[in-house]
1. Can we say B:T149 is in the same structural domain as B:D218 (by TED's automatic domain parsing), at pLDDT 95 or above, closer than 15 Å to B:S270 by Cα and not in a helix (DSSP H, G or I)?
2. All but one of (1) part of a helix (DSSP H, G or I); (2) within 14 Å of chain A (Cβ to nearest Cβ); (3) not hydrophobic (A, V, I, L, M, F, W, C) hold for B:S107; state the number of the condition that does not hold.
3. I need the full set of residues from region A:145-176 which are of a type outside the set (K, R), more than 25 Å from A:A252 (Cα to Cα) and either touching an Asp or Glu at 6+ places or on another chain (Cβ under 7 Å) or within 11 Å of chain B (Cβ to nearest Cβ) (or both), in order please.
4. Restricting attention to region A:115-141, which residues are part of a loop (DSSP other than H, G, I, E, B), of a type in the set (A, V, I, L, M, F, W, C) and in contact (Cβ under 8 Å) with a residue 60 or more places away in the chain?
5. Of the residues B:T121, B:T183, B:T101, B:T164, which is surrounded by fewer than 17 Cβ atoms within 10 Å (Cβ to Cβ) and in the same structural domain as B:V317 (by TED's automatic domain parsing)?
6. Looking at (1) more than 8 Å from every other protein chain (Cβ to nearest Cβ); (2) more than 14 Å from the chain's Cα centre (by Cα); (3) modelled with pLDDT of 90 or more, which is the one condition that is false for B:A24?
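The values are calculated or read from the model by the stated rules, or taken from the named source; none is laboratory data. Keep in mind that this is a model prediction, so the values were computed, not measured. Here the Cβ positions follow ideal geometry from the backbone for every residue, glycine too, while neighbour counts run over all protein chains shown.
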Amino acid sequence: MMDYLKKKFVSEHLDVKEILLVPIFATFFALTIGCLFLLATGEGLKNIFIAYSSLFIGSLGSLNALSETFTAATPLIFAALGIALAFRAGLFNIGAEGQMIIGGMAAVIVGFSIDFLPVWLHLPLALSVGALFGAMYASIAGWLKASTGAHEVISTIMLNLIAIRLLDYMLRSPIIQKEGRNDPISKSVLNTSELPQLLSFIDPQLRLHAGFLVMLGTVLLIYWLLFHTTIGYEFRSTGANPNAAKYAGIKATFTIVLVMFIAGALAGLAGANQITGVLGRASPGFSASIGFDAIAVALLGRSHPIGVLFAGLLFGALIAGGRLMQVKAGVSVDLITIIQALIIVFIAAPLLVRRAVPWIFKEDIKKDK
Amino acid sequence: MKTLTKKTISAAVVASLVGLSSAAHAFTACQVTDIGGVDDKGFNATAWKGVQDAVAKHGIDSKLLESKSETDYMPHLGSFVAEGCDVIVSVGFLMGEATATAAKENSNSKFSIVDFAYNPTIPNVVGQVFATDQAAFLAGYLAAGVSKTGIVGTFGGINIPPVTVFMDGFAAGVSHHNEMKGTSVQVLGWDPSAKEGLFTGNFNSLEDGRAFAQNLYDEGADIVMPVAGPVSQGSAALAAELGTDNLMIIGVDADQYIKDAKNKSVYLTSVLKAMDATVMGVIESVMDGSFEGGLTVGTLANNGVGIAPFHDLSSAVSSELAAEIESIRSGIIDGSISVN
């Protein structure tokens, strides 16, 4: 299965048609089929038009819409970068959700407990501790794989479940639980550990925060790491052919643990980003299955950092636009889930896309023949 | 291809402008659900019914946003503010903080929240709370009178006041029965003095509803009251398989005999919170200009809470027991019986 997925979802270089056109047409077809779903549930044509135009306006049509799109995309991209990186090295990291929870919890504890640091120390500390704990948590799966051969898919799924229960437990401990509350909810982080809002000078309700910039920087960093460093070369070689990599002198064990460590750091950063940028505290389900949606983002982005960036922005746009769609057209937000799933189906079957619009992919199809 | 895209975009922009201008004149009531969703057959659904009743009666518009996760609360409330809603109803204790923040940032918008009371009150928010323990007390008394095994059970979604108040009332009703009748009916799943009990930790897993009811049944309970929104449908499915001779369910929030029609015969009764009436009341107060921030409390006396008819299981309730429940109801209203 890994080989199949690698062939479909890992792109070695930036082929414009591969990276851009296939996803664009996949999105277009997904929207078209989503439209059929709406017709089947008895929506009128006018309402479908309102739904889709609100999807567009709600994600790109105003400053607030853009701010919401970027805010929703940021944690998705962080976590998806980690999944993409692991994927490059031949590891299927399903554990971003759990790593996000652990990273977020660590960030929230640093966020409310340290009250003597200035913002320029406290905020980076909260983010890096979040990344570190996510990294250590993911390393467990890497170490299990390297030392015992335990499959990372199984161990990361199990670690997700452990993280979810651990969160429930920790939110009830008197050190973390908010004073005077019976329900599981953490104390709020202090102002000094909050990611500053970027557009509050225009309107304080624009939620876009500095995490977005950190994310852009991280995308570049991972791009550089993957394609311009020895470590990145080792990751890619291990993923492309583990045996060849071994005989070339790459230590597979170390590589596996290191890849999972970095992947976990990125997922942990996603959690810390949500805590310090959006929520300000932890509660059960604060991770909002971003770690799972990020798997789709990584696949859609062909496990390429730049592809992940655009895929994440698309998913963020669907989330933000879906909100206005629900308001204006009264269409259930479940449609967004259907559209996301359809996009993945079309990406997974690029031939479907190529056959559907043969004039765009003319040369490629000839070449195939 | 390019011109087509351009046309689509310009058409979309025009449509949005049309949409904005048509939304401006009508009165619009908006509701944000919590993560249970509007089809939870419980409090989100009941509150939405209140909005729909107002739509039917006054011909106003309504809009709905369903939250998928906690991160949705703030942007959803913000969307409705931007949309110019005349009143924004948020449902559930878990939205308490988000609603307070939104209300303070948008002091010109009017809000109302189900199941949350602010202290001190916020001038543009009406909190709707319910003396659910009064109604649950009646249900507890009823359960104690109907139980054949002498053991009844309850479990909740999350250990928060709007949930545990049901369980407190239920346990108090059972012990009132024990005092009055010299019985020794046990309550499993909730210890009212320690404030500890059985909780699924969520408001959406029907599987948990089934498993928790099974556990209570295995421990001898023949009547179970799940206080966890749609989770109770899992318990009802189990009761339908076991048969009502073995297990009966007490619903909460709305009359589950009507809401959960698939397994309606297993519901002995339901503890009702008339959120539809209070939500509609708040909408009407905004319409006639009498809206004022503060608190509304639903009680047995103003029919804000109550218990549902016994429906298919009325044969299990003796006429003597039914009469006692009526007299307890008036006892609670006139204050001669305390539900604590």
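1. Details: in the same structural domain as B:D218 (by TED's automatic domain parsing): yes; at pLDDT 95 or above: yes; closer than 15 Å to B:S270 by Cα: no; not in a helix (DSSP H, G or I): yes.
The answer is no for B:T149.
2. With (1) part of a helix (DSSP H, G or I); (2) within 14 Å of chain A (Cβ to nearest Cβ); (3) not hydrophobic (A, V, I, L, M, F, W, C) applied to B:S107, the lone miss is (1).
3. Going through region A:145-176, the residues of a type outside the set (K, R) turn out to be A:146-164, A:166-171, A:173-176.
Those still in the list that are more than 25 Å from A:A252 (Cα to Cα) too: A:161-164, A:166-171, A:173-176.
Of everything in region A:145-176, those that are of a type outside the set (K, R), more than 25 Å from A:A252 (Cα to Cα) and either touching an Asp or Glu at 6+ places or on another chain (Cβ under 7 Å) or within 11 Å of chain B (Cβ to nearest Cβ) (or both) turn out to be A:I164, A:L167, A:D168, A:Y169, A:L171.
4. Hit for region A:115-141 is A:L117, nothing else.
5. Values: B:T121 fails: in the same structural domain as B:V317 (by TED's automatic domain parsing); B:T101 fails: in the same structural domain as B:V317 (by TED's automatic domain parsing); B:T164 fails: surrounded by fewer than 17 Cβ atoms within 10 Å (Cβ to Cβ).
Unique residue meeting the criteria: B:T183.
6. (3)
Conditions (1) closer than 18 Å to A:L269 by Cα; (2) modelled with pLDDT of 95 or more, marked per residue:
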| residue | (1), (2) |
| --- | --- |
| A:A146 | no, no |
| A:M158 | no, yes |
| A:A163 | yes, yes |
| A:R172 | no, no |
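For every residue, the table says whether it meets (1) within 12 Å of chain B (Cβ to nearest Cβ); (2) assigned to a helix (DSSP H, G or I); (3) farther than 25 Å from A:L225 by Cβ.
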{"residue": "A:A298", "(1), (2), (3)": "no, yes, no"}
{"residue": "A:F315", "(1), (2), (3)": "no, yes, no"}
{"residue": "A:G321", "(1), (2), (3)": "yes, yes, yes"}
{"residue": "A:I347", "(1), (2), (3)": "no, yes, no"}
{"residue": "A:R354", "(1), (2), (3)": "no, yes, yes"}
